[in-house]
Amino acid sequence: MPFIRARWRPVLLAATLLLSLQPMLGATMNDAIATQVDAAFAAARQGRYDLISELGEQGANAIPHLGPYLQDPNEMVRLQAVSLLAATTDDRAAPLLAKALTDASQDLRARAALALYEQHDPLRLAQRPELGAALRASVNQGNDAAAAVLLLGYFPGKDTLAALAALTARAADAKTELAAWTPVVPVSLVVQISQSQLGDAKARSALLHTSLNGPLAERRFLLSVLREIDAPELLHALAQTLDDTQEIGGGAPAGAEPKRRLCDLAVVALTRRLKLPVQFELSDTRRFSPAEIASVRQLMAGALPR
């Protein structure tokens with residue numbers, strides 16, 4: 001036994017030394033990243049963005065150093081900071097994106113909202129009351145981007161309802177979109193989705209009418225944001241899009257035939273939303289056969305309460 005202890009003593013000493021050096025190595029690495037961030041944004045102020053692209057390789061490691069650049073007087077610098085934050089799902093990005101929600105630029109406000117919507121679990125975001133306050137401030141400041149309005153649906157309360165009502169009043173016939181891949185729709189439709197999620201019966205009734213009889217673009221949008229639709233009656237109504245063979249494009253290369261149809265989007269959206277155990281491969285680019293569509297309809301009947 002003494003021989004064994006002596007044999008392993010150098011290994012134990014080396015491990016102990018390594019552990020004692022870790023804080024120092026971490027601090028050195030952190031300083032190196034901070035220096036890289038500063039150099040990248042200094043170049044960006046001169047119109048050079050190659051170092052920003054290289055900074056993207058650091059991933060979430062750069063997040064702690066991006067805060068000051070969200071306050072930079074140069075809008076392009078702030079844009080680069082938001083773009084880096086939009087590329088990560090790390091929770092540390094959320095408070096910084098919340099700050100960008102009240103940027104002077106509507107473009108940056110919209111980008112920050114979309115990053116929060118696409119990259120972060122809304123139920124986790126809902127645990128941050130300060131984010132709800134930032135979203136309300138952003139919408140009250142004029143941010144009618146669909147992502148910001150949809151996220152408000154996760155923050156119940158009279159202040160949220162007031163912000164949504166004020167947006168409806170001033171929006172009139174204004175249009176908005178969630179992302180480049182979703183259709184442009186009335187701001188009022190997006191507001192109704194959040195109001196319905198917060199329990200507004202009138203908004204839910206309006207959505208039910210749109211789900212059954214609305215324009216193609218609006219029903220397509222509803223399928224694109226099924227995550228925010230939880231009322232069984234709305235999901236049942238949207239199941240009727242499984243019968244709609246109107247072409248919507250998307251997925252296939254430009255000019256390619258046949259184009260995707262609303263029913264193809266419905267198959268993917270409803271299957272993912274309800275976690276239906278389909279026996280075929282989902283795809284965002286192909287058409288589905290009548291048998292595949294029928295199987296989704298049958299699985300839905302068993303998955304949703306009437």
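Quick look at the values:
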{"quantity": "Residue match in the range 261-282 (condition: among the aromatic types (Phe, Trp, Tyr) and out of contact with any Ser or Thr (no Cβ under 7 Å at 6 or more places or on another chain))", "calculated": "yes"}
{"quantity": "Count of the range 175-200 residues which are touching an Asp or Glu at 6+ places or on another chain (Cβ under 6 Å) and surrounded by fewer than 17 Cβ atoms within 10 Å (Cβ to Cβ)", "calculated": "1"}
{"quantity": "Complete set of residues in the range 89-111 that are assigned to a loop (DSSP other than H, G, I, E, B) and either surrounded by fewer than 20 Cβ atoms within 10 Å (Cβ to Cβ) or touching a residue at least 60 places away in the same chain (Cβ under 8 Å) (or both)", "calculated": "89, 90, 91, 92, 102, 104, 105"}
{"quantity": "Condition met for residue 203 (touching a helix residue (DSSP H, G or I) at 6+ places or on another chain (Cβ under 9 Å), of a type in the set (Gly, Ala, Ser) and closer than 26 Å to residue 86 by Cβ)", "calculated": "no"}
{"quantity": "Matching residues in the range 72-96 - criterion: being within 13 Å of residue 41 (Cβ to Cβ) and not acidic (Asp, Glu)", "calculated": "73, 74, 76, 77, 78, 79, 80, 81, 82, 83, 84"}
{"quantity": "Residue 211 being crowded, with 19+ Cβ neighbours inside 10 Å, outside any loop (DSSP other than H, G, I, E, B) and hydroxyl-bearing (Ser, Thr, Tyr)", "calculated": "yes"}
{"quantity": "Residue in the range 228-248 that is under 25 Å from residue 162 (Cβ atoms), outside any loop (DSSP other than H, G, I, E, B) and touching a residue at least 12 places away in the same chain (Cβ under 8 Å) present", "calculated": "yes"}
{"quantity": "Cβ-Cβ under 7 Å pairs, at least 6 apart or on other chains, the range 286-303 side under 19 Å from residue 248 (Cβ atoms), far side β-branched (Val, Ile, Thr) and surrounded by 12 or more Cβ atoms within 10 Å (Cβ to Cβ)", "calculated": "288/267; 292/267; 293/267; 296/267; 296/271; 296/278"}
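Conditions (1) charged (D, E, K, R); (2) at pLDDT 95 or above; (3) under 23 Å from residue 197 (Cβ atoms), marked per residue:
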{"residue": "100", "(1), (2), (3)": "no, yes, no"}
{"residue": "124", "(1), (2), (3)": "yes, yes, yes"}
{"residue": "131", "(1), (2), (3)": "no, yes, yes"}
{"residue": "135", "(1), (2), (3)": "no, yes, yes"}
{"residue": "155", "(1), (2), (3)": "no, yes, yes"}
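Per-residue answers, yes or no, for (1) surrounded by fewer than 16 Cβ atoms within 10 Å (Cβ to Cβ); (2) closer than 25 Å to residue 156 by Cα:
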| site | (1), (2) |
| --- | --- |
| 221 | no, yes |
| 245 | yes, no |
| 260 | no, no |
| 268 | no, no |
| 273 | no, yes |
| 277 | yes, no |
| 285 | yes, no |
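The values are calculated or read from the model by the stated rules, or taken from the named source; none is laboratory data. If you're wondering where the values come from, they're calculated on a predicted model, not measured in any experiment. Virtual Cβ from ideal backbone geometry, glycine too; neighbours counted across all protein chains shown.
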